[in-house]
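The values are calculated or read from the model by the stated rules, or taken from the named source; none is laboratory data. This structure is a prediction, so every number in the text was calculated from the model and none was measured. Cβ placement follows ideal geometry from the backbone for every residue including glycine, while neighbour counts extend to all protein chains displayed. Ligands, DNA and RNA are stripped out before the accessible areas are found, and what is left, the full protein with its side chains, is counted by its heavy atoms. Shrake-Rupley method; radii C 1.70, N 1.55, O 1.52, S 1.80 Å.
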Amino acid sequence: MSKRKLRVALCQLTSTTNPEQNLSLISDWAARAAAAGARVAVFPEATMAQFGIPLESVAEPSDGWWATSVADIADRHQLLIAAGMFTPHEGQVRNTILLTGLGHHTVYHKIHLYDAFDFRESSAVSPGDQTVTVTVDGVTLGVATCYDVRFPALFQRLAISGATAVLLPASWGAGAGKAEQWDLLVRARALDSGTWIAACDQAAPPGQHNDQNSQVPTGIGRSMIATPSGAILTQLGSTPDLLVTDIDPAVAIEVRERTGSIRNRVPQLF
């Protein structure tokens, strides 16, 4: 395992309904992340196109125009980019995180679908069934998406696979208590897996009040880096912004050993 810290940028933007326009946003924000020395740039879930439109109208395979254009941006700036997109799957789509750059071009398909709070993601989206990790500069990174954060076993599985940090793109739904749940859940998953969590949410749309229930999960901001001890190291507000932080994989290993959260789990129960 690398003893080096890894610089991660959270690109908290508001995506539009236009994939080409959103590709331009990725290019601009990736340049800012690279200028700040980041090696990993995390974009929100649904960066390709915001929720609330027919997803099949924008879905493309991971070797299609949109994903390969993101790969070109990642190569240009010597970054790993994690960005939410939609890929076709058996008459529906999958809610996909593209991981590209620094020798990688792979995807994670969201496992837990957001059939909650009067929204039914499974009506248009098929779930994934595989966990994914990638390695950057000797640091192993797991991947999860938004509603996945409510399921601790996924994060522990990623830790068992060697991840010392988890990238968590999101498009969190607004509503009463939802901001508090976001903070609590990200911190809890960091603590019970002993990993850093790099959680990047969509910025809140202009005029949205986060205590008012939304029909579509379009983001509330509040992107954060949570430490393996379950603390918020640094966090953004609700508007578009860039957060750049160094994470130390050695801290995750040390905390995990102290808490025994992985060593003492009973696998047959989960």
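By accessible area, using a 1.4 Å probe on protein heavy atoms only, the chain has 49% of its surface on carbon and sulfur. The distance between label points at Thr106 and Ala153 comes to 2.2 nm (points 7 Å beyond Cα on the Cα→Cβ vector). Of Val58, Val93, Val70, the residue with the greatest mean-square motion in the GNM of the chain, using alpha carbon springs below 10 Å, is Val58. Rounded to the nearest 20, the size of the Cβ-charge dipole of the chain about its Cα centre is 900 debye, with Lys and Arg at +1 and Asp and Glu at -1. Residues whose amide H falls under 5 Å from that of Ala174, counting only those 5 or more places apart or on a different chain, are Ser214, Thr218, Gly219, with hydrogens built in the peptide plane. In a fully extended conformation the segment linking Gln215 and Glu257 would gain 10.9 nm over its present Cα-Cα distance, using 0.36 nm per residue. Phi angles of segment 79-96 translate, via the Karplus equation with coefficients 6.51, -1.76, 1.60 and θ = phi - 60°, into HN-Hα couplings of 10, 8, 9, 10, 8, x, 9, 10, 10, x, 7, 6, x, 10, 10, 10, 7, 10 Hz per residue; Gly and Pro are given as x. Once the convex hull of all Cα atoms in segment 23-139 is built, its volume per residue stands at 113 Å³. About its Cα centre, the dipole of segment 182-268 is roughly 340 debye, where the only charges are +1 on Lys and Arg Cβ and -1 on Asp and Glu Cβ. Take the chain, connect every pair of alpha-carbon atoms lying under 10 Å apart with a spring to form a Gaussian network, then pick out the residue of Pro44, Pro88, Pro228 with the largest mean-square fluctuation. Taking springs between Cα atoms under 10 Å, the residue moving most is Pro88. Between Val136 and Leu141, the built amide H atoms are under 5 Å apart, and every one of these is 5 or more places off in sequence or on another chain. Distant-in-sequence amide contacts of Thr14, defined by a placed amide H-H separation under 5 Å and a gap of 5 or more residues or a different chain, comprise Ala203.
Here segment 1-119 is treated with +1 on each Lys and Arg Cβ and -1 on each Asp and Glu Cβ, and its dipole about the Cα centre works out to around 900 debye.
Residues Ile73, Ile111, Ile253 ordered from highest to lowest accessible area at a 1.4 Å probe: Ile253, Ile111, Ile73.
Accessible area per residue for the chain, computed on protein heavy atoms with a 1.4 Å probe, is 40 Å². With the charge dipole of the chain set up from +1 on Lys and Arg Cβ and -1 on Asp and Glu Cβ about the Cα centre, the Cα lying farthest toward the positive end among the listed residues Thr140, Ala49, Val216 is that of Thr140. Out of Ala41, Ala71, Ala124, any idea which swings most in a Gaussian network model of the chain, alpha carbons joined below 10 Å? The residue that fluctuates most here is Ala124.
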